[in-house]
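Input: a single structure, listed below in structure tokens.
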Amino acid sequence: MSLLLGVNVDHVATLRQARYALLPDSPNAEPCPCVASADALLGGADSITIHVRGDRRHMQERDAFLIREKIAAPLNLEMGVTEEMIAIALKLRPEFVCLVPETREEVTTEGGLDVVSRRREVGDCIRLMQKNGIKVSLFIDPEVEQVKVAAELGAEMVELHTGCFGNATTQTVGAELERLREAALVGHQAGIQVNAGHGINYENVRLLEAVPHLTEYNIGHSIVARAMRVGMTQAVREMKALISHYPVVK
Ligand code: PXP
């Protein structure tokens, strides 16, 4: 089996909201994240990722329910650990949720969820999701302690935050890859699925071949940006071709 690709279509909604946030019922409201999801599937996406944020800056609840209804692929809902989002997840029933930290000021998810300090709250959320048949991933910084606590809490997956790797310079990228390697190894040894996401693009993706035991990448911004030049289906196809080199160890 090759590495899986989850395509995050939030930024398709970002573009629509830039013009139509105040006119949600306009027949002109475009582009549609559900259509983009269908196009991503044609290009070989293995799952679709959406993040309904507390401030609804991009995805709206109705996008989430439309994608759930129309798109025949596993759905990954990124969500803050809040009562509002837990209620949405239980109604939406995606295959997976990825628990992320969320603050209103941030441009995007800027750090991993601190599962060490938020152990109890995160543990409660994991159990509730799992009781309802939803698998849980935790978006965490690539730190051994975070991975160990994620495993202790019974999460099926972790998604290692690759933001620092994505922003690294030639001087610092080696150290970032080493952090990711160590965290991935600990996750693998603890028996949980290890994914990676944030800031992965067409240029840096192959460097991640140095990180063992990864199962899935979650990529949004660079695929949506590439889609503006070649279309979503081709953008996903190109990323799938790049990640097909990843040395998956059975
Ligand atoms: N994974 C998580 C948990 C995220 O919050 C994001 C950003 O929405 C991504 C992956 C995708 O990051 P990017 O848009 O930089 O590819």
Please say if the chain is rounded, prolate or oblate, where rounded means a/c under 1.5 for a ≥ b ≥ c the square roots of the C-alpha gyration tensor eigenvalues, and otherwise the choice is prolate for a/b larger than b/c and oblate otherwise?
-> oblate
Treat the count of other C-beta atoms within 10 Å as a stand-in for reagent exposure and order Ile219, Ile192 from fewest to most.
-> Ile192, Ile219
Kindly give the semi-axes, whole Å and largest first, of the ellipsoid equivalent to the stretch 150-250, taking each as the square root of 5 times a Cα gyration tensor eigenvalue.
-> 24, 16, 12
Of the listed pairs Lys91/Lys240; Lys135/Lys240; Lys70/Lys131; Lys148/Lys240; Lys131/Lys240, those with alpha carbons more than 27 Å apart are Lys91/Lys240; Lys148/Lys240; Lys131/Lys240
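Ranked by Cβ crowding within 10 angstrom, fewest neighbours first, how are Cys125, Cys98 ordered?
Final ranking by Cβ density, sparse to dense: Cys125, Cys98.
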Length gain on complete extension for the stretch Leu15 to Thr82, per 0.36 nm per residue less the alpha carbon to alpha carbon distance?
-> 21.5 nm
Please get the size of the charge dipole for the stretch 9-106, origin at its Cα centre, with Cβ charges of +1 on Lys and Arg and -1 on Asp and Glu, quoted in debye to the nearest 20.
-> 220
Given the options Gln130, Gln171, Gln193, state which has the largest fluctuation in a GNM of the chain using a 10 Å cut-off (strictly under) for Cα springs.
-> Gln171
Take the Cα coordinates of the stretch 6-114, assign each an equal point scatterer, and use the Debye formula without solvent to give log10 I(q)/I(0) at q = 0.13, 0.17 Å⁻¹.
-> -0.45, -0.79
So, in Å, what gap is there between the alpha-carbon centers of the stretch 106-145 and the stretch 189-218?
-> 18
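Read-outs throughout are calculated quantities, based only on the coordinates presented, and are distinct from any laboratory measurement. Remember, it's a predicted structure, so these values are computed and weren't measured experimentally. Note that we place each Cβ from the backbone using ideal geometry, even for glycine, and neighbour counts take in every protein chain shown.
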